[in-house]
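Quick notes on the structure that follows.
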Amino acid sequence: MRLGHVDGLLFNGQTLESLMLGLEQSGVEIGGTTPVTNLATVPGMSGGLDLSLHDSMDAAYTGTRTITMHIYTEGDEQDVIAAKIKLGDYQGKTGSLTWRTLPGEYRGTITVGMWNDKFDGKILAGSLVDVTLTCQPMLYGRRSVQKLVEGNNMVRVPGNRETWPVLTLTPEPGARGLQVECGQRFLRIPDNPLPIGGTVLLDCANRRASANGNLIQVTLDSDWFPLTPKATEIVCTNCSGSIAFEPMTLI
C-alpha cells in the first residue's frame, strides 16, 4: 500500500512539518506481511504436515512489516542541520505512524537511512532521507477500558485480531482468592490465609500477576487468555473492576 503526499500523516503523534520535515511525492510505502508457516515433508502426504503455530482465531502468526517514509528537509544550512538532529534523535527508538482513517497506529523500530544532501553552489540547501519502521503487522487501536462486575460481563472488542488484556480487579470484602473466566480459560488466585484486599493486576500479555504492587502467583491450571474480536463473556468470581485492551486490526 502506498500513501501519497497527503495530509493527516502523524509520525510519533506529530506532523512532519513540526519536525522541520516534509514528505516527498513518492510518499509512504507500507510493506506487506507474511504468515509464519512451518511445513514438514512427510512421505505419502501431499504438501507435508503443517506444524505452524496458530492463534486463538486459528490464524497463523504473522511476521513483521516494513514502512518506508521518503522524507526531505530544506532551508538554510542551519535549518537543514537542525532537522537532521531532530530526526536523528529517533534512531533506534520505538515510534508510531498514523494516517487519517486507519483504525489505529503502526508501531515499530525507527531506522534513519543515509542523508542525500543537496547544495546550492557551496551552500547546503536541503537533504533527502528514507526513514523506515520495522513494525508489528497489526494496527493498534485506541485503548479501551470496560467495567467488570462480580458475575457475568459482556466485553465487546473491535478489530479483526486477538488482543491481550490487562485486568485491574478489586476483591470482594473478605475474599481470600478470586477467579476470572473467559470461555474455556481462566485465571485463578488461590485462597490465602488472609483476605487479599487492595488491587489485583492481571497482565495477560506479560503473564504477570500482582497484588498491591507485589508479585503473586496464579494457580498452575490457570491459562492467560486473549480477547477475540467479538462479544466475549467474562465471568468474575469474588471480584469486580475493569478490563483494558487495545483493539488489533490487520489490513
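The values are calculated or read from the model by the stated rules, or taken from the named source; none is laboratory data. Quantities reported herein were computed from a predicted structural model and do not represent experimental measurements. So basically every Cβ, Gly included, is an ideal-geometry build from the backbone, and we count neighbours across all protein chains shown. Accessible surface areas use protein heavy atoms only, side chains included; no ligands, DNA or RNA. Shrake-Rupley method; radii C 1.70, N 1.55, O 1.52, S 1.80 Å.
Just one of (1) closer than 18 Å to Leu133 by Cα; (2) assigned to a strand (DSSP E or B); (3) of a type outside the set (Ser, Thr, Tyr) trips up Gly92, so point out which.
(2)
I'd like the residue in segment 22-68 that is among the charged types (D, E, K, R) and touching a residue at least 12 places away in the same chain (Cβ under 8 Å) and, out of all such residues, is surrounded by the most Cβ atoms within 10 Å (Cβ to Cβ). I'd like the intermediate steps shown before the answer.
Of all residues in segment 22-68, those among the charged types (D, E, K, R) come to 24, 29, 50, 55, 58, 65.
With the extra rule that they be touching a residue at least 12 places away in the same chain (Cβ under 8 Å), the set shrinks to 24, 29, 50, 55, 65.
Numbers: Glu24: 15, Glu29: 15, Asp50: 11, Asp55: 13, Arg65: 20.
The qualifying residue surrounded by the most Cβ atoms within 10 Å (Cβ to Cβ) is Arg65.
Does Gly183 qualify as being modelled with pLDDT under 95 and open to solvent by less than 70 Å² (accessible area, probe 1.4 Å)?
Details: modelled with pLDDT under 95: yes; open to solvent by less than 70 Å² (accessible area, probe 1.4 Å): yes.
The answer is yes for Gly183.
Return the total of residues in segment 177-228 being outside any strand (DSSP E or B) and β-branched (Val, Ile, Thr).
If we filter segment 177-228 for residues that are outside any strand (DSSP E or B), which is where we start, we get 177, 183-184, 190-199, 204-207, 212-213, 216-226, 228.
Keeping just the survivors that are β-branched (Val, Ile, Thr) gives 196, 199, 216, 218-219, 228.
Selection size over segment 177-228: 6.
Those residues that are in a strand (DSSP E or B), of a type in the set (A, V, I, L, M, F, W, C) and loosely packed, with under 15 Cβ neighbours inside 10 Å, I need them from segment 142-166; list them, please.
Restricting attention to segment 142-166, the residues satisfying the condition of being in a strand (DSSP E or B) are 144-148, 151-156, 161, 163, 166.
From what's left, of a type in the set (A, V, I, L, M, F, W, C): 145, 148, 154-155, 166.
Within segment 142-166, Val145, Met154 meet the criteria.
Mind telling me which of the residues Glu162, Glu181 ends up being more than 18 Å from the chain's Cα centre (by Cα) and charged (D, E, K, R)?
Numbers: Glu162 fails: more than 18 Å from the chain's Cα centre (by Cα).
So the residue among Glu162, Glu181 that is more than 18 Å from the chain's Cα centre (by Cα) and charged (D, E, K, R) is Glu181.
Go over the candidates Leu178, Leu169, Leu139 one by one and state the one that is crowded, with 16+ Cβ neighbours inside 10 Å and farther than 29 Å from Ile216 by Cβ. Steps first, please.
Numbers: Leu178 fails: farther than 29 Å from Ile216 by Cβ; Leu169 fails: farther than 29 Å from Ile216 by Cβ.
Within the list Leu178, Leu169, Leu139, the selection yields Leu139.
If you check Leu39, Leu19, Leu51, which single one turns out to be modelled with pLDDT of 85 or more and over 21 Å from Pro103 (Cα atoms)? Show your work before the answer.
Numbers: Leu39 fails: modelled with pLDDT of 85 or more; Leu51 fails: modelled with pLDDT of 85 or more.
After applying the criteria, what remains is Leu19.
Out of the residues in segment 69-96 meeting the condition of being modelled with pLDDT of 95 or more and either polar (S, T, N, Q) or in contact with a Phe, Trp or Tyr (Cβ under 6 Å, 6 or more places away or on another chain) (or both), tell me which one is most open to solvent (accessible area, probe 1.4 Å).
The selected residue is Thr94.
State which residue is least open to solvent (accessible area, probe 1.4 Å) when the search covers only segment 97-117 and only residues that are of a type in the set (Ser, Thr, Tyr) and under 13 Å from Asn12 (Cα atoms). Give the derivation first.
Taking segment 97-117 first, the residues of a type in the set (Ser, Thr, Tyr) are 98, 101, 106, 109, 111.
If we keep only those that are under 13 Å from Asn12 (Cα atoms) as well, we get 98, 106, 109.
Values: Thr98: 33, Tyr106: 3, Thr109: 64 Å².
Across segment 97-117, the extreme among qualifying residues is Tyr106.
Quick one: would you say Leu87 is under 30 Å from Leu9 (Cβ atoms) and more than 20 Å from the chain's Cα centre (by Cα)?
Taking the combined requirement at face value, the residue satisfies it.
I need the full set of residues from segment 144-169 which are within 17 Å of Leu187 (Cα to Cα) and among the hydroxyl-bearing types (Ser, Thr, Tyr), in order please.
Result: Thr163, Thr168.
Hey, can you tell me all the residues within segment 151-173 that are within 20 Å of Ala209 (Cβ to Cβ) and not acidic (Asp, Glu)?
Asn153, Val155, Thr163, Trp164, Pro165, Val166, Leu167, Thr168, Leu169, Thr170, Pro171, listed by residue number.
Name, by its number, the condition in (1) within 29 Å of His54 (Cα to Cα); (2) open to solvent by less than 50 Å² (accessible area, probe 1.4 Å) that does not hold for Ala125.
With respect to (1) within 29 Å of His54 (Cα to Cα); (2) open to solvent by less than 50 Å² (accessible area, probe 1.4 Å), Ala125 is out only on (1).
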